[in-house]
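Notes to accompany the following structure.
Taken together, the values in this text are just the output of simple stated rules run on the coordinates, not laboratory data. These numbers come from a predicted model, not from an experiment. When we count neighbours, we look across all protein chains shown, and the Cβ atoms used for this are built from the backbone with ideal geometry, even at glycine.
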Amino acid sequence: MAGFTRSWRPLLAAVGFAMLAACADQGSPPAAAAAPQLAGAWYQVFFDTDKADLSPRGQLIVNKVADVVRTNNEVRVTVIGRTDRAGTAAANMALSERRAELVRDALIAAGVPAARIDTSWLGEGKQDAPTPDDVAMQRNRVVDILVQEPA
């Protein structure tokens, strides 16, 4: 099994780097390129346990979303804060609120009009990976960002 795992590592690393490069592309588009067409997309900003700090990766996502929203006056952004089940339900509700507000404020700082952002938080409710109480799970420590076209 160890040989199998080692033989796949270079391939997995190459795929990971390609995905990262695609997400982190900072180059300017060609002059003929159209505005970003990411409306209808769903993004996730992850957090460390019991933290509400925006990571560099989180800021990159915020900036990409802001680029889309600034180039399309029709789209709206929905920001939803969530937590894992480590800690009390009340503390997690407050933490999910802080995370959602942090992302909302970062979007506003990046040029998204506040009037086009809807913000909510769920605490430890509606988890991606259901877990028992007091279980820390990064997949659940997240703010979802949805970019939506008007109905």
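The slack in the chain from Asn72 to Thr88, taken as 0.36 nm per residue of separation less the alpha-carbon distance, amounts to 1.8 nm. When the Cα gyration tensor is reduced to axis lengths a ≥ b ≥ c, the ratio a/c is 1.5 or higher for region 39-148, and with a/b above b/c it is classed as prolate. The GluC sites (Glu not before Pro) found in region 48-108 that occupy coil by DSSP, while having at most 11 further C-beta atoms within 10 Å, are Glu74.
As a rough guide to protection, the peptides 78-84, 53-59 ranked by mean Cβ packing within 10 Å, highest first, stand as 78-84, 53-59.
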